[in-house]
Amino acid sequence: MPRRDHTNVNQGTKTLHDTPPAMMSDHLIRHTTLRQLQIFEASVRFGSFTRAAEALFLTQPTVSMQIKKLADTLGLPLFEQVGRKIRPTEAGTELYKSCRQIFATLSNLEVKMADLKGIKTGRLTLGVITTAKCFAPEILGEFCQLYPGIEVALNVFNRDQIIDRIKNNEDDLYIMGQAPVEQTDDIEAFPFAPNPLVVMAPRNHPLVGQTNIPLKRIAEEPVILREPGSGIRDAMLRLFDAQDLRLKVRMELGSNEAIKHAIVAGLGLSVLSLHALALEGPDGPVALLDVEGFPIMRKWYIVHPKGKQLSLVAQAYLDFVQGIEPKIRARLLDQWPDMRAFLDPATV
């Protein structure tokens with residue numbers, strides 16, 4: 001008599017959830033690496049192999065080689081050349097979407113793992129506008145003294161680049177001189193410290209020591225501007241445009257340090273954040289001018305995308321920065337007591 005098989009017929013039907021990962025199609029898992037995907041994602045985001053290489057601290061030949069390997073693995077071209085720029089093909093666009101999902105998942109995993117470890121360890125990545133680099137490291141240093149086990153990264157960019165990074169959610173938090181509400185309303189912005197914009201001149205300039213200098217008089221002097229996209233530049237131009245004054249622009253420079261050197265060299269006047277003179281102090285080679293309409297009182301903001309889940313470390317830094325305003329205000333008043341009418345909260 002034939003032996004009867006009592007095996008349940010349903011056991012022969014397996015769903016995707018029953019299939020071990022090792023039995024699934026693993027071509028991409030075996031032939032691609034996270035580093036290749038990171039290089040590809042950066043190349044798409046920057047629209048340039050050269051800029052991607054700079055951002056990832058790689059050589060351009062290395063980036064090109066890894067992109068070629070990735071394209072060979074997928075069997076499709078990932079980029080096409082358009083003039084001097086590159087843009088993703090249809091296959092590249094689909095891969096870019098998947099890369100963003102993969103990296104978002106890994107980022108969320110990293111946040112959860114860091115939270116399980118507690119605030120004693122973890123990583124904090126800050127995106128800082130160029131003007132803020134004169135004081136952001138000092139704040140970060142004080143925070144790291146409270147939490148010495150935390151690894152930090154400080155990325156410095158101009159305003160337009162910071163806005164792009166916010167949209168791409170590339171950092172934990174951002175420090176800006178003006179909340180980018182006009183470019184994107186999908187943000188949370190918290191003011192945390194005064195950021196007065198002042199007119200600077202070389203110490204030996206004939207206007208130094210004069211009071212209530214008319215704005216028209218400043219328009220007669222050669223002026224050094226920040227680069228296009230700078231919030232300081234925009235604020236300065238709005239003030240002069242409001243009085244129909246045309247500036248005599250001698251040059252544009254992309255950093256506070258370069259502008260200060262140009263001022264000392266007698267190349268012109270400029271408008272910068274008062275924080276830019278924190279190291280030199282009131283007796284350095286750069287002097288402040290008493291000009292009508294100045295200082296332009298602004299705030300520093302700490303920003304993150306709306307709805308972003310902050311790690312314990314990022315939340316701790318956000319709380320720390322929001323509580324540091326009295327200390328920052330006191331430091332400025334200690335160096336420039338003449339600014340009390342603008343910096344003292346009791347008189348503002």
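The values are calculated or read from the model by the stated rules, or taken from the named source; none is laboratory data. Given the structure is predicted, the values throughout are model-derived calculations rather than measurements. FYI the Cβ positions are ideal-geometry reconstructions off the backbone, even for glycines, and counts take in every protein chain you see.
Looking only at residues in region 231-251 that are farther than 20 Å from HIS275 by Cα and charged (D, E, K, R), the one that is nearest to the chain's Cα centre (by Cα) is ARG238.
Any residue that is free of Cβ contacts under 8 Å to residues at least 12 places away in the same chain, surrounded by fewer than 17 Cβ atoms within 10 Å (Cβ to Cβ), within 30 Å of THR125 (Cβ to Cβ) and not charged (D, E, K, R) - is there at least one of those in region 329-336? Scanning region 329-336, I find at least one residue that is free of Cβ contacts under 8 Å to residues at least 12 places away in the same chain, surrounded by fewer than 17 Cβ atoms within 10 Å (Cβ to Cβ), within 30 Å of THR125 (Cβ to Cβ) and not charged (D, E, K, R), so the answer is yes.
Restricting the search to region 252-267, which residues are touching a Lys or Arg at 6+ places or on another chain (Cβ under 9 Å) and either surrounded by fewer than 17 Cβ atoms within 10 Å (Cβ to Cβ) or of a type in the set (A, V, I, L, M) (or both)?
Scanning region 252-267 gives GLU252, LEU253, GLY254, SER255, ILE259, ALA262, VAL264, LEU267.
In this structure, ASP234 does not qualify as of a type outside the set (Ser, Thr, Tyr) and over 27 Å from GLU280 (Cβ atoms). Hey, among ALA42, ALA53, which residue is assigned to a helix (DSSP H, G or I), surrounded by 15 or more Cβ atoms within 10 Å (Cβ to Cβ) and without any contact (Cβ under 8 Å) to a residue 12 or more places away in the chain? Step by step, each of ALA42, ALA53 is checked, and only ALA53 is assigned to a helix (DSSP H, G or I), surrounded by 15 or more Cβ atoms within 10 Å (Cβ to Cβ) and without any contact (Cβ under 8 Å) to a residue 12 or more places away in the chain. Among the conditions (1) over 20 Å from the mean Cα position of the chain (by Cα); (2) part of a helix (DSSP H, G or I); (3) small (Gly, Ala, Ser), ALA314 misses just one, which is (1). State yes or no: is ASN158 modelled with pLDDT under 85, within 30 Å of LEU267 (Cβ to Cβ), in the same structural domain as ALA314 (by TED's automatic domain parsing) and under 14 Å from the mean Cα position of the chain (by Cα)? It is true that ASN158 is modelled with pLDDT under 85, within 30 Å of LEU267 (Cβ to Cβ), in the same structural domain as ALA314 (by TED's automatic domain parsing) and under 14 Å from the mean Cα position of the chain (by Cα).
A count restricted to region 189-236 and to residues that are basic (Lys, Arg) and farther than 30 Å from ALA136 by Cα stands at 2. A count restricted to region 171-195 and to residues that are surrounded by fewer than 19 Cβ atoms within 10 Å (Cβ to Cβ), in a strand (DSSP E or B) and either touching a helix residue (DSSP H, G or I) at 6+ places or on another chain (Cβ under 9 Å) or modelled with pLDDT of 95 or more (or both) stands at 2. Against the test of being among the β-branched types (Val, Ile, Thr), at pLDDT 90 or above and within 18 Å of VAL128 (Cβ to Cβ), the options ILE259, ILE263 yield a single qualifying residue, ILE259. Exactly one residue out of GLY323, GLY281, GLY266 is in contact with a helix residue (DSSP H, G or I) (Cβ under 9 Å, 6 or more places away or on another chain), farther than 22 Å from ASN168 by Cα and small (Gly, Ala, Ser): that is GLY281.
Each residue in region 250-263 was checked for being in contact with a helix residue (DSSP H, G or I) (Cβ under 6 Å, 6 or more places away or on another chain) and without any contact (Cβ under 8 Å) to a residue 40 or more places away in the chain, and 1 pass. Scanning region 152-174 finds no residues that are hydroxyl-bearing (Ser, Thr, Tyr) and over 29 Å from ARG100 (Cα atoms). In region 43-61, of all residues being out of contact with any Phe, Trp or Tyr (no Cβ under 9 Å at 6 or more places or on another chain) and of a type in the set (A, V, I, L, M, F, W, C), the one that is farthest from ASN169 (Cα to Cα) corresponds to LEU58.
Residues checked against (1) modelled with pLDDT under 90; (2) outside the structural domain of ALA314 (by TED's automatic domain parsing); (3) within 27 Å of the chain's Cα centre (by Cα); (4) closer than 30 Å to PHE157 by Cβ:
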{"residue": "HIS31", "(1), (2), (3), (4)": "yes, yes, no, no"}
{"residue": "VAL44", "(1), (2), (3), (4)": "no, yes, yes, yes"}
{"residue": "ALA55", "(1), (2), (3), (4)": "yes, yes, yes, yes"}
{"residue": "GLY75", "(1), (2), (3), (4)": "no, yes, no, no"}
{"residue": "VAL111", "(1), (2), (3), (4)": "yes, yes, yes, yes"}
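Look at PRO228 and say whether it is closer than 16 Å to LEU272 by Cα, surrounded by 20 or more Cβ atoms within 10 Å (Cβ to Cβ) and not hydrophobic (A, V, I, L, M, F, W, C).
Numbers: closer than 16 Å to LEU272 by Cα: yes; surrounded by 20 or more Cβ atoms within 10 Å (Cβ to Cβ): no; not hydrophobic (A, V, I, L, M, F, W, C): yes.
When the stated conditions are applied, PRO228 does not pass them.
Note on region 268-289: among residues that are of a type outside the set (A, V, I, L, M) and buried (at least 16 other Cβ atoms within 10 Å of the Cβ), the one that is farthest from the chain's Cα centre (by Cα) is GLY268.
Of the residues ARG246, ARG238, ARG233, only one is at pLDDT below 95, in a helix (DSSP H, G or I) and surrounded by fewer than 12 Cβ atoms within 10 Å (Cβ to Cβ); which? Even if it seems obvious, please write down each step before you answer.
Details: ARG246 fails: in a helix (DSSP H, G or I); ARG233 fails: surrounded by fewer than 12 Cβ atoms within 10 Å (Cβ to Cβ).
Residue meeting the stated conditions: ARG238.
For region 268-298, name all the residues that are polar (S, T, N, Q) and over 24 Å from PHE192 (Cβ atoms). So that I can check it myself, show each step before the final result.
Of region 268-298, the ones polar (S, T, N, Q) are 270, 273.
Passing the criteria: only SER270.
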